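First up is the structure itself, then whatever we jot down about it.
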Amino acid sequence: MKILIINGPNINLTGTRDPAHYGSETLDDINAQIKSFGDESGAATVFFQSNTEGDIIDMIHAARAECDGIIINPAAYTHYSYAIRDAIDAAGLPAVEVHMSNIHAREQFRHESVIAPVCIGQVCGFGKYSYIAALYALIRIITERA
Ligand code: CA2
């Protein structure tokens, strides 16, 4: 089983500022912990971060042929990117939307996700553990569907 983990714009800055929302570890630190959990659980993990909407869409298209599922933190694109939403919908892979912060406890504009309706679920508010929880659930769901 292979799971693609996508992070959107500015998440490469994680660990450099705003620890109250995003923790103090770097994205590389977090990805290493996600990879360990995947290895222990029998899932290979592939990581991609981009600050560019089109590159994220291209990666979702490529995943159709290469991956069994997607975990995506679309960052600010969560709230307005119909293009990423359409790409996930078209890919036809099980996808989980993830946020480190609790988007429902923040500014009003973060409360809406245009991506969540094409995902099987959303995990938010658990910092780096949002990714781990999403990976746990996605592995179980893919395994049960097989
Ligand atoms: O909570 C999340 O994971 C978010 O997806 C993070 C996005 C935000 O736009 C979403 O509403 C919620 C922002 C990512 C910015 O990451 C930074 C990390 C450290 C310092 C500055 C930005």
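Considering only region 33-56, how many residues are more than 16 Å from the ligand (Cβ to nearest atom) and either of a type in the set (S, T, N, Q) or modelled with pLDDT under 95 (or both)?
3
Any residue in region 1-27 that's more than 13 Å from residue 75 (Cβ to Cβ): show its pairings with residues that are more than 8 Å from the ligand (Cβ to nearest atom) and small (Gly, Ala, Ser) at Cβ separation under 6 Å, as long as the two are six or more apart or on different chains.
1/43; 2/44; 3/43; 3/69; 4/63; 15/24; 23/127
Filter region 13-32 down to the residues that are more than 9 Å from the ligand (Cβ to nearest atom), within 19 Å of residue 125 (Cβ to Cβ), surrounded by 14 or more Cβ atoms within 10 Å (Cβ to Cβ) and among the hydroxyl-bearing types (Ser, Thr, Tyr) and list them by number.
Those that are more than 9 Å from the ligand (Cβ to nearest atom), within 19 Å of residue 125 (Cβ to Cβ), surrounded by 14 or more Cβ atoms within 10 Å (Cβ to Cβ) and among the hydroxyl-bearing types (Ser, Thr, Tyr): none in region 13-32.
Residue-by-condition table, conditions (1) without any contact (Cβ under 8 Å) to a residue 60 or more places away in the chain; (2) not small (Gly, Ala, Ser):
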position	(1), (2)
51	yes, yes
54	yes, no
76	no, no
81	yes, no
110	yes, yes
125	yes, no
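For region 53-61, state whether one or more residues are crowded, with 17+ Cβ neighbours inside 10 Å, outside any helix (DSSP H, G or I) and touching a strand residue (DSSP E or B) at 6+ places or on another chain (Cβ under 6 Å).
Within region 53-61 (the criterion being crowded, with 17+ Cβ neighbours inside 10 Å, outside any helix (DSSP H, G or I) and touching a strand residue (DSSP E or B) at 6+ places or on another chain (Cβ under 6 Å)), the answer is no, since none of the residues qualifies.
How many of the residues making up region 16-36 are more than 17 Å from residue 133 (Cβ to Cβ) and either in contact with a helix residue (DSSP H, G or I) (Cβ under 7 Å, 6 or more places away or on another chain) or of a type in the set (S, T, N, Q) (or both)?
Here the count works out to 4.
Here are some residues: 82, 129, 77. Which one is under 11 Å from residue 6 (Cβ atoms) and not small (Gly, Ala, Ser)?
After ruling out the rest, the residue left standing is 77.
Could you tell me which residue of region 37-71 is farthest from the chain's Cα centre (by Cα), considering only residues that are within 14 Å of residue 132 (Cα to Cα) and of a type in the set (S, T, N, Q)?
41
The values are calculated or read from the model by the stated rules, or taken from the named source; none is laboratory data. All values reported here derive from a predicted model rather than from experimental measurement. All Cβ positions, glycine included, derive from the backbone under ideal geometry; neighbour counts span all protein chains shown.
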